[in-house]
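Throughout, read-outs are computed from the coordinates displayed, never taken from laboratory work. This structure is a prediction, so every number in the text was calculated from the model and none was measured. Glycine gets a Cβ as well: all are built from the backbone with ideal geometry, and neighbour counts include every protein chain shown.
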């Protein structure tokens, strides 16, 4: 069983891409967000940010047990673990990591469609500009393959096929190297950083 971790800022397409991959190759999915908001792990609700606060000390061991359980019980060819905080997964449980990225302007539209509060929209756009999800994986000093894919102008199916080409068809994925996407530099060149950071 190969474990595919899909990360990225909310709105980048993680859940939809994971479902599409599952439909195309029969991969099993663990959505960390769905599990995290269950009563077992969410002890507080942040009213300001309209989000749950998760106790990771209890949550992570449960997830690792679940991974092992899926391996023993079903042993699918591929298991997808998706979430904006999937960097909590230890490296030894990651065979491939994909970070989905999205242009800040498009991300704002996507998050507004999801009815995110304006403060939460702003925070997520800032996180995307700064590349937080990528940086978390870089800090892990992973030895395994790590890719970032710009989903801004791609369909869900196109992104799913890129990932499938890499993990199933063994395509090299060199064009999706970490560091290729730099919204900070793009916005700096456009003299627009002040639009997103006060």
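Running a GNM on the chain with Cα contacts under 10 Å, which residue among 29, 53, 99 ends up with the highest mean-square fluctuation?
53
Over all distinct alpha-carbon pairs, what is the Kirkwood Rh of segment 117-198 in angstrom?
14.7 Å
Run the numbers for residue 53 and residue 186: contour at 0.36 nm per residue of separation, minus the present Cα-Cα distance, in nm.
Here the segment from residue 53 to residue 186 would lengthen by 44.6 nm.
Gaussian network model of the chain, Cα springs within a sub-10 Å range: biggest mean-square fluctuation belongs to which of 24, 146, 107?
Ranking 24, 146, 107 by mean-square fluctuation puts 24 first.
Can you tell me the Rg and the Dmax, both Å, for the Cα atoms in segment 51-95?
In Å, with Rg to one decimal and Dmax whole: 11.4, 33.
Normalised by the residues of the chain, what does the relative contact order come to in percent, with Cα pairs under 8 Å and at least six apart?
That works out to 30 percent.
Taking neighbour Cβ counts within 10 Å as the exposure measure, how do 148, 123 sort from fewest upward?
Final ranking by Cβ density, sparse to dense: 123, 148.
Give the residues of segment 127-164 whose amide nitrogen is closer than 11 Å to a point set 7 Å from the Cα of residue 91 in the direction of its Cβ.
Label zone hits: 138-145.
Exposure proxy check: 192, 110 ranked by fewest other beta carbons within 10 Å?
By the 10 Å Cβ count, ascending: 192, 110.
Using all Cα-Cα distances in segment 2-196, what percent lands in each 10 angstrom bin from 0 up to the longest?
Final binned percentages: 9, 35, 38, 17, 2, 0.
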